[in-house]
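Colleague: To start, I am sharing the structure in question, which I have written as structure tokens.
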Amino acid sequence: MFPLILTYLVLTIIRPQEYMAAFTGIPILPVVLVAAFLCWLASNAKTFAAPQFIIMPVFLLVLMISVVVNGWVGGALDQLEKFGPIAIAFFVLATACHTQQRVKITMAVFVLCSVVLAIHGIGQARNGVGWTGVPISEDGRIQYVGIFNDPNDLGLLFATTIPMAAFLSTLGGMLTRLFWLTCAGLLCYGTYLTNSRGALLAVLVVAGVYVWYRRGFITAGTLGVVGLACMKLLSSRMQELDPDEESAFGRVDAWYEGLHMFLSHPVFGVGAGNFTEYNDLTAHNSFVLVLAETGFVGYMLWLAFVGYGFWMMLTVLRHKPVALDDPARAKAWQGEQRMALTLLLSLCGLFAAAFFLSRSYTVVMYLVAAMVAGYYVSARQRFPGLRLFKLASNGWLWFSASAGSIVGFFVLVAVLLRVST
């Protein structure tokens, strides 16, 4: 099961089936996923000990219902076909990541595949075209094939995997450290070449959260201001970061339209995939997209799915196990916290970038979430004192968080529209 889901991960990111003639006409990605799923069904390691395992299939059901109640019965099968494989990949990878070593291996695969895309981008920037045959974009931003054809998606992937590369650099000797730090450097350079404002801000968020954790809020805030100033100097598009700028205003206007879609269809939204039926531009915000397309029901489920990942990692960082006077146990717990911090930083990078992109249903997001859920379930087995999360115990919390965040979006959009006029 584990080798198969890693193969699926490699094919999902590097995507040789989309530019190598040898794979033409072969449904290699679904075949590998089905094989991994069959192994999962036969495995005794299946676990449902995290709320995400319940939320995922229910959210899929809501996606299907959202299109049915908006008049397209056949859309239920369409959503099942689109999001079903993502749900399967989540279950398989979360189950497979049942040891620290497997989480480290998965991180390594994530990083190495991302580095391949970064190297492709570097060659593309130098030669005008990459080995995939994809040319650099008209505005000079690097891109790849398939789901990474948009430079913003490349930047999101790089911002997510930079913390993983930094973590892996701490696990071995000098050569290992040099190798993974080189990978981190390539990912940072790749992020720069995407010229994605969301990705650059995501990297800044990752750095800020790390400094905040290590040095405190004041130091993080100070360095954040310096970092933002440096990014504005390095990136021409960061210099355009202003509510009055055309692209920025278009995003705010899309958020405004998304919120009004929610008001007109508050329960199940306008239907998954239907945002652009009501507005020329997509939402440019993963949270607003889910809210508009699946209504309050889908948004609350999705927010809980995302929130539990952050909550779990923070729980590990804040937990104080008993018997830490034992040197071996204390060392083991330090390892748990380093891994939890890495995954937390990856989540910060992922969702900071996703805040400015409509990537609510993309597979990368759920593969990272699978790592997080799988890791936490395994960490509870090693340290049973860690909190057991139950969806039934936190229902009102997510209801309140959803309602509060929706109000927050209305306030934010109102302020931004006022500033831009």
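The values are calculated or read from the model by the stated rules, or taken from the named source; none is laboratory data. Small disclaimer: the values here were computed from a predicted structure and weren't measured. Counting neighbours? That spans all protein chains shown, and the Cβs are built from the backbone with ideal geometry, glycine included. With ligands, DNA and RNA removed, areas are computed over all heavy atoms of the protein, side chains included. Shrake-Rupley method; radii C 1.70, N 1.55, O 1.52, S 1.80 Å.
Colleague: Name the one entry in 118, 159 that is touching a Ser or Thr at 6+ places or on another chain (Cβ under 8 Å), closer than 29 Å to residue 36 by Cβ and either open to solvent by less than 10 Å² (accessible area, probe 1.4 Å) or outside any helix (DSSP H, G or I) (or both).
Modeller: Unique residue meeting the criteria: 159.
Colleague: Then there is this: Could you check how many residues of region 55-100 are within 20 Å of residue 346 (Cβ to Cβ), at pLDDT below 95 and out of contact with any Gly (no Cβ under 8 Å at 6 or more places or on another chain)?
Modeller: Adding up the residues that qualify gives 1.
Colleague: A further question on this structure: Any residue in region 186-200 that is hydrophobic (A, V, I, L, M, F, W, C), out of contact with any Phe, Trp or Tyr (no Cβ under 8 Å at 6 or more places or on another chain), modelled with pLDDT of 90 or more and surrounded by 15 or more Cβ atoms within 10 Å (Cβ to Cβ)?
Modeller: Within region 186-200 (the criterion being hydrophobic (A, V, I, L, M, F, W, C), out of contact with any Phe, Trp or Tyr (no Cβ under 8 Å at 6 or more places or on another chain), modelled with pLDDT of 90 or more and surrounded by 15 or more Cβ atoms within 10 Å (Cβ to Cβ)), the answer is yes, since at least one residue qualifies.
Colleague: Let me ask something else about it. Could you count how many residues in region 227-282 are at pLDDT below 75, open to solvent by 60 Å² or more (accessible area, probe 1.4 Å) and part of a helix (DSSP H, G or I)?
Modeller: So the answer is 9.
Colleague: For residues that are assigned to a loop (DSSP other than H, G, I, E, B) and touching a Gly at 6+ places or on another chain (Cβ under 9 Å), scanning just region 1-21, find the one that is most open to solvent (accessible area, probe 1.4 Å).
Modeller: If we take residues in region 1-21 being assigned to a loop (DSSP other than H, G, I, E, B) and touching a Gly at 6+ places or on another chain (Cβ under 9 Å), then 19 is most open to solvent (accessible area, probe 1.4 Å).
Colleague: Something else: Could you pull out the residue among 136, 88 that is touching a helix residue (DSSP H, G or I) at 6+ places or on another chain (Cβ under 8 Å), surrounded by 18 or more Cβ atoms within 10 Å (Cβ to Cβ), over 22 Å from residue 197 (Cβ atoms) and free of Cβ contacts under 8 Å to residues at least 60 places away in the same chain?
Modeller: Going through 136, 88 in turn, just one is touching a helix residue (DSSP H, G or I) at 6+ places or on another chain (Cβ under 8 Å), surrounded by 18 or more Cβ atoms within 10 Å (Cβ to Cβ), over 22 Å from residue 197 (Cβ atoms) and free of Cβ contacts under 8 Å to residues at least 60 places away in the same chain: 88.
Colleague: When only residues in region 172-199 that are polar (S, T, N, Q) and not in a helix (DSSP H, G or I) count, which is farthest from residue 348 (Cα to Cα)?
Modeller: Among residues in region 172-199 that are polar (S, T, N, Q) and not in a helix (DSSP H, G or I), the one farthest from residue 348 (Cα to Cα) is 195.
Colleague: Filter region 140-151 down to residues that are in contact (Cβ under 8 Å) with a residue 60 or more places away in the chain and crowded, with 23+ Cβ neighbours inside 10 Å, then give me how many there are.
Modeller: Counting residues in region 140-151 that are in contact (Cβ under 8 Å) with a residue 60 or more places away in the chain and crowded, with 23+ Cβ neighbours inside 10 Å gives 2.
Colleague: Test each condition in (1) in contact with a strand residue (DSSP E or B) (Cβ under 8 Å, 6 or more places away or on another chain); (2) farther than 30 Å from residue 33 by Cβ; (3) not hydrophobic (A, V, I, L, M, F, W, C) for residue 177 and report the one that comes out false.
Modeller: For residue 177, the failing item is (1).
Colleague: Looking at (1) open to solvent by 10 Å² or more (accessible area, probe 1.4 Å); (2) in a helix (DSSP H, G or I); (3) of a type in the set (Gly, Ala, Ser); (4) under 24 Å from residue 199 (Cβ atoms), can you tell me which one residue 358 breaks?
Modeller: (2)
Colleague: Next question. Restricting attention to region 361-382, report how many residues are more than 9 Å from the chain's Cα centre (by Cα) and open to solvent by less than 10 Å² (accessible area, probe 1.4 Å).
Modeller: Qualifying residue count for the region: 9.
Colleague: What tally of residues in region 302-331 results from selecting those that are in a helix (DSSP H, G or I), surrounded by fewer than 16 Cβ atoms within 10 Å (Cβ to Cβ) and among the hydrophobic types (A, V, I, L, M, F, W, C)?
Modeller: Qualifying residue count for the region: 5.
Colleague: Right, next: Quick one: would you say residue 208 is buried (at least 18 other Cβ atoms within 10 Å of the Cβ), modelled with pLDDT under 75 and farther than 18 Å from residue 139 by Cα?
Modeller: Taking the combined requirement at face value, the residue does not satisfy it.
Colleague: What pairs come out if I take residues in region 399-420 that are under 16 Å from residue 267 (Cα atoms) and pair them with residues that are assigned to a helix (DSSP H, G or I) and at pLDDT 95 or above whose C-beta lies under 6 Å away, six or more apart or interchain?
Modeller: Close Cβ pairs satisfying both conditions: 402/299; 402/300; 402/303.
Colleague: Given the conditions (1) open to solvent by 50 Å² or more (accessible area, probe 1.4 Å); (2) closer than 19 Å to residue 368 by Cα, which single one is not true for residue 286?
Modeller: (1)
Colleague: I would also like to ask the following. Enumerate the pairs (first residue in region 354-373 and within 15 Å of residue 148 (Cβ to Cβ); second residue anywhere and open to solvent by 10 Å² or more (accessible area, probe 1.4 Å) and of a type in the set (D, E, K, R)) with beta-carbon separation below 9 Å, excluding pairs fewer than 6 apart on the same chain, so at least 6 apart or on different chains.
Modeller: Cβ pairs passing all conditions: 357/150; 357/153; 359/153; 362/153; 364/153; 365/359.
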